[in-house]
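Read through the structure below, which is laid out as structure tokens, and then see the notes.
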């Protein structure tokens, strides 16, 4: 076989990102490369990052065409079952942390991503897939669960007994944050836009779920916010004096009112977080396996990818959408 199926961004349009999405059935197979390993992809997930690439935000047009997909799980040529750590960076350039490398990238930015039948990645990006996880579960983890793990435990320092608020319960990072915070012994509250999403949050580990913006019964130690403008005011008011707000995204907008007087008077810590290190990724996998966590996801076929992206763009997704690439 010299060609394969792949999901390719061939152009960019901010207003109509799916206009340049191609489900290619004759994309060239990746050529062998020293220090890189071929993975026969069993499952890969859809991410908002793919839509930003198609919109032309943060992805130069000269890198097109490129195979989309920040997450993948599969089997190597020698039969090893693996999951891909999606961050490519040099720890030395980041002071020992590859997420601080100014030249870091994630899968599908600098080279072809995981939404293809075959993937070629640097050897060090491959981690053994936990035997307790299916390929579709493993493909749910990379970006969303790795990001959530770093936010919770490295950046925000969540401990057993901490009160944690997760804004926007149904997204990939939010649902991962709920599940892992609960598994780590935190008391978890989630916000959602509908009764159905509140029940979803409770089904995956939230002790309590409330409507967006609703005043909490007591202030929390940590807020996990990947929403941005729509929830920022609530995040500032929900956290206790001296508490932490961790942010990894701004899906509703990136320029909320800073309310600096509240930040300094309440002595709040606001920390950003991007991706995760290889060590954090492996620790996340151990937590998922030891706690028996099952990532919330649904599986779709290759031919359903366009519809899957449309649903992801609308915000009507619970957890992750995973593509069966086998």
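All of the numbers you see were taken from the coordinates with simple rules; none came from a lab. Bear in mind the structure is a predicted one, so any value in this text is a computation, not a measurement. For neighbour counting, all protein chains shown are included, and Cβ atoms are generated from backbone atoms with ideal geometry for every residue, glycine included.
A few comments on the model shown:
- MRE, 222 nm, helices only [DSSP H, n ≥ 4, -39500 (n - 2.57), over the chain, to nearest 500]: -7000 deg cm²/dmol
- When the square roots of the Cα gyration tensor eigenvalues are ordered a ≥ b ≥ c, the ratio a/c for segment 264-325 is 1.5 or more and a/b does not exceed b/c, which makes its shape oblate.
- Counted by neighbouring Cβ atoms within 10 Å, the residues 124, 85 run from fewest to most as 124, 85.
- Over all Cα atoms in segment 145-272, the spread is summed up by Rg and Dmax: 12.9, 37 Å.
- Among 34, 72, 230: highest mean-square fluctuation, GNM of the chain, C-alpha pairs under 10 Å: 34
- Distance between the pseudo-spin-label points of residue 208 and residue 269 (7 Å out from Cα toward the beta carbon): 2.4 nm.
- Length-normalised contact order for the chain - Cα pairs under 8 Å, 6+ apart - percent: 18 percent
- By other beta-carbon atoms within 10 Å, ranking 232, 52, 145 with the fewest at the front produces 52, 232, 145.
- Expressed as a fraction of 2.2 N^0.38 Å, the C-alpha radius of gyration for segment 192-326 is 1.22.
- Counted residue by residue at 0.36 nm each, then reduced by the alpha carbon distance between them, the extension gain from residue 262 to residue 2 reaches 87.6 nm.
- Extending 7 Å from the Cα toward the beta-carbon at both residue 310 and residue 13 defines two label points whose distance is 1.4 nm.
- The ellipsoid equivalent to the alpha-carbon distribution of segment 81-132 has semi-axes of 22, 15, 7 angstrom, derived from the gyration tensor eigenvalues as √(5λ) and listed largest first.
- Where labels lie 7 Å past Cα in the beta-carbon direction, separation of residue 199 and residue 23 in nm: 3.1 nm
- For segment 86-124, backbone nitrogen atoms closer than 11 Å to the point 7 Å from residue 302 Cα along Cα-to-C-beta are found at 116-118.
- Residue of 196, 117, 289 that the Gaussian network model of the chain assigns the largest fluctuation, springs spanning Cα pairs under 10 Å: 196
- For segment 1-77, the spread of Cα positions along the three principal axes, ordered from largest to smallest, is 40, 23, 21 Å.
- Whole-angstrom gap from segment 86-153 to segment 184-220, using each part's C-alpha centre: 29 Å
- The simple Förster model, with R0 at 41 Å and r as the Cβ-Cβ distance, assigns residue 240 and residue 103 a FRET efficiency of 0.60.
- Taking all pairs of distinct alpha-carbon atoms in segment 112-172, Kirkwood radius in angstrom: 14.3 Å
- Backbone N under 20 Å from the residue 92 label point (7 Å along Cα→Cβ), restricted to segment 267-304: 277-279
- Among 91, 60, 17: highest mean-square fluctuation, GNM of the chain, C-alpha pairs under 10 Å: 60
- Taking other C-beta atoms within 10 Å as the exposure proxy, 132, 45, 290, 314 rank 314, 290, 132, 45 from fewest upward.
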